[in-house]
Amino acid sequence: MFEHFGLMDIWSTFKRYKWIVILIILGVSTVLSWKNIVNIGKDTESVYMINNADVKVSSASYYVEPLIEKGQGINDSKFYRLIPEDYIAFFNTDFFNRYVYDRITLAYENSYIVSKINFGEGINISSNKFTPENVKEICFIKNIKDTMMISMLCRSYDEKLSEDIMKICKDFIISEVDDKISFANLKFAGQTRRSLSPAQAAMEDWKNEEESSNIRTAPSKGTVFSVMKGILIPIIGVSALSIIVIILIAMFNPTLNRESDFCEYDIPVIGEIDYCTRKIGGEK
Amino acid sequence: MVGFYKRYIARKQERRKQGYKYISNAIIKMCEEDNISPIGITSSIDKSTQKYDICRNICIEICENGRNVVLINADMRFNQSKNIKSYHEGFREISLVDFKVSELRCILKEEKDKGDIIIVNIPPVIVLADALEYAKVCENILLIERYSYSKYKDYEKTILLLKRSEVVISGAIACI
């Protein structure tokens, strides 16, 4: 098997089947690349379909006022800096998700809520699958760094929906959170409404700063890189497969490829000519 | 770009001509110095060698060297001789009618007296059984093999068959 196997043999086999290999590479990679590009296009389309409308944001800010006892100094500032984290922790519980889910589904239909909310990167959730877990994509709360301020934010494609969700969040703070934290008081700082374009909404950092490792950027499904990836990977894959097949053919079906192959039986090569094609009329 | 292609074609033709010249000189040497005639040309590949065209081109080259040459076509697979016109003086082509060994022997007997170089186009030995009989009639055999197409197994088989029949193999012509 390996007596007549070398680079020259592989190259000779490739030269013999070069047109077949090229056609297969072009054909298969064209089909696979086309499929990839169509899928990328569909994903991009679905992302931009949802993100076409302006995002309505309703936000509210609270100041966390620590209750300093008599005799306590301001030296416990490290402890006071952690108090806003306790308020934020309440909003990260399942209890909060359930609280908002129960009240918002009473006021609006599931299908309406799903249609007005972007659940991230073009994911379409059917109205049956809207769960309390999805509330995390609607409400965001964060502590402004090195301050005692908490910022709450609700976003959707419907202004009224955003405001109603914000109202529910405020009710939650007043009824469930404020009573339970005895060493601080929440003071309402103000509320505002905004309307952001899709590009502006994509650039906003909605989450808590400590959790903002995955900053939401504009949907990047249809970038040049992803398209090139979709084209190059099939080409490389099919080329590699073709090379493997050629190597196997060269290994198991050896051919005469050089002068030294004739010498095994002491047959001299008296001349080498280019493979000629048939000519009519007595010409060479 | 066109000029580059033309130069490439011209170089290829020049190389081919050089190859044929070299082969024809070797055959002339075999015939005149070693007194070998006829010379059979066969192959181990069934097709894709253009064996007949190579035989014709060798004969034309021998003719251009001032020798007379006879090409006897014993390959019954392709009936090529009907449409070919020969523009070269001193080059004759004979095709077998019944494709029998006795017929070939008769033709060879007649042609040997004329003193021309005789080349016999024999079909591949491993494809047709009669080819071995034709090869036995010839004093020497040349093999035409094509790089990347001639399988090693077929080549070995051909040589074994010829050697067992006590046929002398003078050399090989390689097609690139």
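The values are calculated or read from the model by the stated rules, or taken from the named source; none is laboratory data. In this text, all values refer to a predicted model and were calculated from it rather than measured experimentally. In this analysis, Cβ positions are derived from the backbone assuming ideal geometry, glycine residues included, and neighbour counts consider all displayed protein chains.
Note on region B:19-49: residues that are closer than 27 Å to B:VAL127 by Cβ and of a type in the set (Lys, Arg) total 1. For region A:5-36, enumerate the residues that are touching a residue at least 24 places away in the same chain (Cβ under 8 Å) and not in a helix (DSSP H, G or I). Once the filter is applied, which keeps residues that are touching a residue at least 24 places away in the same chain (Cβ under 8 Å) and not in a helix (DSSP H, G or I), region A:5-36 yields A:PHE5, A:TYR17.
Residues checked against (1) surrounded by 18 or more Cβ atoms within 10 Å (Cβ to Cβ); (2) more than 11 Å from chain B (Cβ to nearest Cβ); (3) of a type in the set (D, E, K, R); (4) touching a residue at least 12 places away in the same chain (Cβ under 8 Å):
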residue	(1), (2), (3), (4)
A:PRO234	yes, yes, no, yes
A:VAL238	yes, yes, no, yes
A:VAL245	no, yes, no, no
A:GLU264	no, no, yes, no
A:ASP274	no, no, yes, no
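Only one of the numbered conditions (1) within 11 Å of chain A (Cβ to nearest Cβ); (2) surrounded by 16 or more Cβ atoms within 10 Å (Cβ to Cβ); (3) of a type outside the set (D, E, K, R) is not met by B:ASN25, and that is (2). Considering each residue of region B:133-154 in turn, at least one proves to be within 14 Å of chain A (Cβ to nearest Cβ), of a type in the set (Gly, Ala, Ser), at positive phi and in contact with a strand residue (DSSP E or B) (Cβ under 9 Å, 6 or more places away or on another chain). Applying the criterion of being of a type in the set (Gly, Ala, Ser) and under 31 Å from the mean Cα position of the chain (by Cα) to the residues of region A:142-180, the residue that is farthest from A:LEU196 (Cα to Cα) is A:SER151. Scan region B:90-100 and give yes if some residue there is assigned to a loop (DSSP other than H, G, I, E, B) and modelled with pLDDT of 85 or more, otherwise no. For region B:90-100, residues assigned to a loop (DSSP other than H, G, I, E, B) and modelled with pLDDT of 85 or more: absent. Only one entry in B:ILE72, B:ILE60, B:ILE27 is modelled with pLDDT of 85 or more and touching a His at 6+ places or on another chain (Cβ under 9 Å), namely B:ILE60.
In the set (1) under 30 Å from A:ILE117 (Cα atoms); (2) at pLDDT below 70, A:ASP76 fails one condition alone, (1). The condition (being farther than 30 Å from B:TYR152 by Cβ, more than 8 Å from chain A (Cβ to nearest Cβ), part of a helix (DSSP H, G or I) and under 15 Å from the mean Cα position of the chain (by Cα)) is satisfied by just one residue among B:CYS63, B:CYS59, B:CYS55: B:CYS63. Name the one entry in B:ALA131, B:ALA135 that is touching a Gly at 6+ places or on another chain (Cβ under 8 Å), in a helix (DSSP H, G or I) and of a type in the set (A, V, I, L, M). Exactly one residue qualifies, and that residue is B:ALA135.
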